[in-house]
1. Just how large is the dipole of the chain about the Cα centre, in debye to the nearest 20, putting +1 at every Lys and Arg Cβ and -1 at every Asp and Glu Cβ?
2. Nearest 5 is fine: what % of DSSP beta bridges in the chain come out antiparallel, could you say?
3. What longest range of the chain stays clear of loop-exposed trypsin sites (Lys or Arg not before Pro) (DSSP non-H/G/I/E/B, at most 12 other C-beta within 10 angstrom)?
4. In segment 1-53, which GluC sites (Glu not before Pro) are in a loop and have at most 13 other Cβ atoms within 10 Å, using DSSP for the loop call?
5. From the backbone phi of segment 31-38, what are the Karplus-calculated ³J(HN,Hα) couplings (6.51 cos²θ - 1.76 cosθ + 1.60, θ = phi - 60°) in whole Hz, Gly and Pro given as x?
6. On the accessible surface of segment 35-76, probed at 1.4 Å, how many percent belong to carbon and sulfur atoms?
7. If amide hydrogens are placed 1.01 Å from N in the peptide plane, which non-local residues have theirs closer than 5 Å to the one on Lys58?
8. What Kirkwood hydrodynamic radius do you get for the chain when you take the inverse of the mean 1/r over all pairs of distinct Cα atoms, in Å?
Amino acid sequence: MEEKIINVLDDEFEAEVLKSDKPVLVDFWASWCMPCKMQSEVLHEVFPKLAGKVKVVKVNVDECEKTAIKYGISSIPTLMVFIGGELKQKTVGLSSSAEISEMLIEYIG
């Protein structure tokens with residue numbers, strides 16, 4: 001199965017993120033957010049380098065208010081790294097591919 005960036009809803013978050021056997025990079029975003037669109041382009045650019053090592057999921061804050069509230073999302077885009085169900089890192093605002101790689105390097109070896 002080809003790996004890809006997937007959209008996750010509130011009721012899928014636990015299975016797709018918290019119970020994942022790989023590190024998970026979560027992108028909290030909204031369709032009306034221009035920096036979020038730019039972040040999505042960066043994620044698609046860096047994803048081929050991460051495929052197989054990290055799962056990348058997107059959470060639309062307008063569709064997934066429960067999850068956004070649970071993780072205190074007040075500004076977007078917000079990127080979070082989860083390992084074994086635990087939040088390890090968080091960054092708010094547009095991140096470059098280099099910043100994303102730096103964020104993940106210690107978790108993917």
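1. In total the dipole reaches around 200 debye.
2. Of all bridge pairs located within the chain, approximately 60 percent are antiparallel.
3. Between the exposed loop sites, the longest stretch runs 20-109.
4. Loop-located and lightly packed - Glu2.
5. 5, 8, 8, 4, x, 5, 5, 5
6. 54
7. Counting only residues 5 or more places away or on other chains, the set is Ile6, Asn7, Val8, Asp27.
8. Result for the chain, one decimal place: 13.7 Å.
The values are calculated or read from the model by the stated rules, or taken from the named source; none is laboratory data. Note that the coordinates shown come from a computational prediction; the quantities given were computed from them, not determined experimentally. Ideal geometry is used to build each Cβ from the backbone, glycine not excepted, and the neighbour counts take in all protein chains shown. Surface areas here come from the heavy atoms of the whole protein model, side chains and all, with no ligands, DNA or RNA. Shrake-Rupley method; radii C 1.70, N 1.55, O 1.52, S 1.80 Å.
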